[in-house]
1. List the trypsin sites (Lys or Arg not before Pro) in the range 1-87 that DSSP assigns to loop (not H, G, I, E or B) and whose Cβ has at most 15 other Cβ atoms within 10 Å. Which are they?
2. May I ask you to give the average projected area over all directions of the convex hull of the Cα atoms of the chain, in nm² rounded to one decimal?
3. Work out the FRET efficiency for residue 151 and residue 129 from their Cβ-Cβ distance, taking R0 = 22 Å, and round it to the nearest 0.05.
4. Please sort 133-146, 105-118 by packing, taking for each peptide the average over its residues of neighbouring beta carbons within 10 angstrom, highest first.
5. Take the eigenvalues of the Cα gyration tensor for the range 5-90, scale each by 5, and report the square roots as semi-axes in whole Å, largest first.
6. Quick check: the distance between the Cα centres of the range 64-84 and the range 109-148, to the nearest angstrom?
7. Run the numbers for residue 50 and residue 70: contour at 0.36 nm per residue of separation, minus the present Cα-Cα distance, in nm.
8. Under 29 Å Cα-Cα from residue 81, which lysines qualify once same-chain neighbours fewer than 8 residues away are excluded?
Amino acid sequence: MKKIAIFPGSFDPFTKGHHDIVLRGLSLFDELIIGIGYNVAKKTRYFEIEDMVNKIKTLYKDEPKVKVIIYNELTSSLAKKHNANFLLRGLRNTTDFEYENTISQMNRKLNPELETVFLITSPHFAAVSSTVIREVHKFGADISEYIPYEV
Ligand code: ADP
């Protein structure tokens, strides 16, 4: 059976930490779908969604195993729609763990065939956070060190 994984997130913006998870995920899965969701709690985005999709598509233009989509539904239903049997997520710290543990238990209930796979962040990217990048960008700081494309 083809191993298809969804890597869901807000990706506001997509960072070098996310890129690292994708590259490592590519050695585990036959197909990797990056799903940019509208996070209900976060409501509005800072980086425009279409722009982010284009940036990520360009980044993986030579990697046929990667697809990029926008979605606005439960991740578990999205996975069913794309015949994905794995959810890929990254873990940086205990705060991530608490949150990921809760959503992964819920996803298991909603779609028992969907297995969540966690990759521990590479130490180099442990401090890279979309939230902090947005904050410093707002005040005009250079964020190019943290993102794998030109802003
Ligand atoms: P969400 O809003 O769903 O948390 P994010 O875009 O913030 O979406 O993150 C998507 C996934 O990537 C999450 O599993 C998150 O823990 C993980 N992630 C974010 N930053 C990093 C990083 N620097 N290293 C590894 N994983 C990360």
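1. Counting only loop positions with at most 15 other Cβ atoms within 10 Å, the trypsin sites (Lys or Arg not before Pro) in the range 1-87 are 2, 3, 42, 43, 61, 65.
2. Over every viewing direction, the Cα hull of the chain projects on average to 8.8 nm².
3. 0.85
4. By packing density, highest mean first, the sequence is 105-118, 133-146.
5. The equivalent ellipsoid of the range 5-90 has semi-axes of 19, 16, 11 Å.
6. For the range 64-84 versus the range 109-148, the Cα centre distance is 19 Å.
7. Residue separation times 0.36 nm, minus the Cα-Cα distance, leaves 6.3 nm.
8. Excluding near neighbours in sequence, the set is 2, 3, 16, 42, 43, 55, 57, 61, 65, 67, 109.
Bear in mind that the values in this text are calculations on the coordinates, not laboratory data. A quick note: this is a predicted structure, and the numbers were derived from the prediction, not measured. When we count neighbours, we look across all protein chains shown, and the Cβ atoms used for this are built from the backbone with ideal geometry, even at glycine.
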